[in-house]
Amino acid sequence: MTAEHRTRRVEALLLALITLVALAVRVWALGSRTLAPDEGSSIYFSQLPIPLLLWSHCDPHPPGYYLLLRGVAALGQSESWLRLPSALAGARAAPLTWAVGRIARRATTEPGRRWPDQAALLAAALVACAPLAIWYSQEARPYALLSLLTL
């Protein structure tokens, strides 16, 4: 096994660990708080008839999250279940941050301006443990999904 192969294997293991940590901190005590009023508005919008939801001007967010929440709410109504899509989207943002960092590193062609391979792992770890990212991943609101789709 070459040194480069070993390095890639260690990087993959670290990325898997970072992803598991991101998921664990997001699902930990996911249903311990009652739904906040703005989370209640998410549930309200998800229950609107689809034509009204698509053309409603009451909420500035796109209807995609509410359609996703409608499907999740059909399977269960607990706080943790309704927040699960946001938690999964937030956890998925960590490895996607790593991927974006790797792509950006390869795209940098200017000599002396490239950052080390570990920078993408560090960025993923920061996203996995950032308090604001965790907070948004534990709400039944579209913010964590927006972060994921932005990446």
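The values are calculated or read from the model by the stated rules, or taken from the named source; none is laboratory data. Given the structure is predicted, the values throughout are model-derived calculations rather than measurements. Virtual Cβ from ideal backbone geometry, glycine too; neighbours counted across all protein chains shown. Ligands, DNA and RNA are stripped out before the accessible areas are found, and what is left, the full protein with its side chains, is counted by its heavy atoms. Shrake-Rupley method; radii C 1.70, N 1.55, O 1.52, S 1.80 Å.
Structure summary
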item: Candidates D38, D59, filtered to the one that is touching an Asp or Glu at 6+ places or on another chain (Cβ under 9 Å) and closer than 20 Å to E139 by Cα; result: D38
item: Selection within the range 36-63 - among the hydroxyl-bearing types (S, T, Y), touching a helix residue (DSSP H, G or I) at 6+ places or on another chain (Cβ under 9 Å) and within 20 Å of W135 (Cα to Cα); result: S42
item: The range 124-134 - residue that is more than 16 Å from A12 (Cβ to Cβ), in contact with a helix residue (DSSP H, G or I) (Cβ under 9 Å, 6 or more places away or on another chain) and not β-branched (V, I, T) and, of those, most open to solvent (accessible area, probe 1.4 Å); result: L126
item: Selection status of Y66, closer than 17 Å to L30 by Cβ, of a type outside the set (A, V, I, L, M) and touching a helix residue (DSSP H, G or I) at 6+ places or on another chain (Cβ under 6 Å); result: no
item: Sole residue being closer than 19 Å to L145 by Cβ and assigned to a helix (DSSP H, G or I), chosen from V25, V21, V10; result: V25
item: Single unsatisfied condition, A93 versus (1) among the small types (G, A, S); (2) at pLDDT below 90; (3) within 15 Å of the chain's Cα centre (by Cα); result: (2)
item: Members of the range 52-69 that are in a helix (DSSP H, G or I), open to solvent by 20 Å² or more (accessible area, probe 1.4 Å) and modelled with pLDDT under 85; result: L52, L54, W55
item: Pair list, Cβ under 8 Å, 6 or more apart: the range 31-47 residue charged (D, E, K, R), other residue surrounded by 13 or more Cβ atoms within 10 Å (Cβ to Cβ) and not in a loop (DSSP other than H, G, I, E, B); result: R33/E79; E39/L82; E39/R83
item: Within the range 70-87, considering residues that are without any contact (Cβ under 8 Å) to a residue 12 or more places away in the chain and not in a loop (DSSP other than H, G, I, E, B), the one most open to solvent (accessible area, probe 1.4 Å); result: L75
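Conditions (1) modelled with pLDDT of 90 or more; (2) under 23 Å from R83 (Cβ atoms), marked per residue:
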residue	(1), (2)
M1	no, no
E4	no, no
L14	yes, no
I50	no, yes
